[in-house]
Amino acid sequence: MEFKATFGKEAVETVAAFSNAVGGTVLIGVDKNGIVKGIPVSEEIIKEWVNTIKQATQPQIFPDISILELEGRQVAAIKVQEYPRKPVSCKGKYYKRLGASNHLITTDEIVEMQLYSLNSSFDSYPVQQTVSDLDEGLVEKFFSHLGNAGRITLNEDPQVNLKKTGLIRDDQLTFAALLLFGEHHTGIRIGRFKTSDIIIDDILIKSPLVVAVDEAMTFIKKSISIRYDITGELRRTEIWQYPLPVLRELLMNAVIHKDYRDPTDIMIKIFDNHIQFTNPGALMGGLKPVDLMSGNYTAIHRNKLLAEAFYLRGDIEKFGTGFFRIQTALKEFPEVNLSLETLNGFTQSGLKVSIPDTVQVTDQVTDQVTDQVTDQVKRLIININGIITREEIQQKLEIKSRVHLRIQFLHPGIVAGVIEMTIPDKPNSRFQKYQLTDKGKKLRDELLADKDDETNFN
């Protein structure tokens, strides 16, 4: 609801702003303080107002204007519906509602509104890369998971499946396909903090998103606490500092709703008593944090193809029940409180937890790393002795594809903490080399010892 003492430029701008939001009503003849002043209105004047609004807006808006009587005075109510094809301009400018005022819409927001009006999204844009630039193994593994989830009927040809899921459109690879299976510039940066300015450990993950989520969860689990409850059957139960499904849901929300036009990384900060997810990308469709917390909202996906891909794989629910599931899961963790706020156009969801002094909390055991790494990483560890270049690693492992080496070997090894870069601040440096960490050296000795034992046994 907007109050205007008279009909003029500001009233027309408000009509356009309401059209770009969820609609609204402009009362003419009521001042900004809500005091009814009244205004002389006739059918002829209403026709003039309608014509003025029509000529000022593009696409043209034809609002419903009616004459009302309030407190014995005559006022006019301009009822505005949300316009299906956004954005609507007023004299060549675009406005949105923020609180009780109109604000100019940025160029990026204009593009986003136009895409959604066309039932499209930024991740559906075509890219120059081709299917050969994608990690073939990840594509096959992804569609294998889709088949197991049972949410879509697949073809034996991966390229046909890419088209079927919309990841190839008009014979061109989409940005979503590149994000999911190829090399891209977006990142998930995770830090373990002792204080706000003391970092204990951190990592920047730039893997294809289908594996980046798992890599991020591995690092998060390594950085939070766990306690063990011993049951009467002499079994121990793991109780994490935070429920892992909640952390994964928040991570998936950040990945799917990130504004990938923004080069800023997804940020996850882990402290002793709270964990914070910060995601570049304002809430869509006029949503506010209170709407998400109450569950009273309709899901709007910024990246429709990414949302569809992770839905088909069974990672998310399509109809926006994520925050409802988060709050349901937290009922079993009364010490964990979920907070949600927007910061300068960023969407931030924060988990804060306090552990009672009577509860014994121990750090997760990280010495026994053998089960935390893949067979590919174990093979990599055995072949690293001293400082070595990427080219030398490729030769030793007999791998032709640099992308395959990075995705399946190097990056998982870095995430597991068994290998490290010699120039970590410049991961793309042409002088970059790799070496084993102390943890990696210990694991290498264990693997080689097991290999010798097997040889001697045979």
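Every read-out reported here was derived from the displayed coordinates using simple, explicitly stated rules and does not represent laboratory data. What you see is a predicted model, and the numbers here were worked out from it, not measured in a lab. With ideal geometry, Cβ positions are generated from the backbone for all residues, glycine too; neighbour counts draw on all protein chains shown.
Just a few scattered comments:
- Using the Cβ of ILE168 as centre and a radius below 14 Å, the other residues enclosed give a net charge of -3, where K and R count +1 and D and E count -1.
- With a threshold of 28 Å on the Cα-Cα distance, the over-threshold entries among LYS194/LYS304; LYS141/LYS194; LYS194/LYS396; LYS96/LYS258 are LYS194/LYS304; LYS141/LYS194; LYS194/LYS396.
- Computed from the C-beta positions of ILE46 and ASP108, the FRET efficiency with R₀ = 41 Å rounds to 0.65.
- Of all DSSP beta bridges in the stretch 2-106, antiparallel share, percent nearest 5: 90 percent
- The stretch 2-106: translational diffusion in µm²/s, Stokes-Einstein, Kirkwood Rh over Cα pairs, 4 °C, 1.567 mPa s: 95 µm²/s
- Its residues counted as N, the stretch 122-180 yields a C-alpha radius of gyration over 2.2 N^0.38 Å of 1.06.
- Residues GLU398, GLU69, sorted so that the one with the fewest Cβ neighbours within 10 Å comes first: GLU398, GLU69
- Fewest-first sequence of THR107, THR25 by Cβ atoms within 10 Å of each Cβ: THR107, THR25
- Near ASP202, the amide H atoms lying under 5 Å from its own belong to ARG192; only residues 5 or more places off or on other chains count, and H is placed 1.01 Å from N.
- Fewest-first ordering of THR6, THR14 by other beta carbons within 10 Å of each residue's beta carbon gives THR6, THR14.
- Checking the Cα-Cα distances for LYS378/LYS439; LYS32/LYS91; LYS91/LYS288; LYS400/LYS433 against a 20 Å cut-off, the pairs over it are LYS32/LYS91; LYS91/LYS288.
- Furthest towards positive pole of dipole, GLY182, THR218, PRO208, structure part the stretch 155-225, Cβ charges: THR218
- Share of alpha-carbon pairs per 10 Å distance bin for the stretch 35-84, given as whole %: 25, 47, 25, 4
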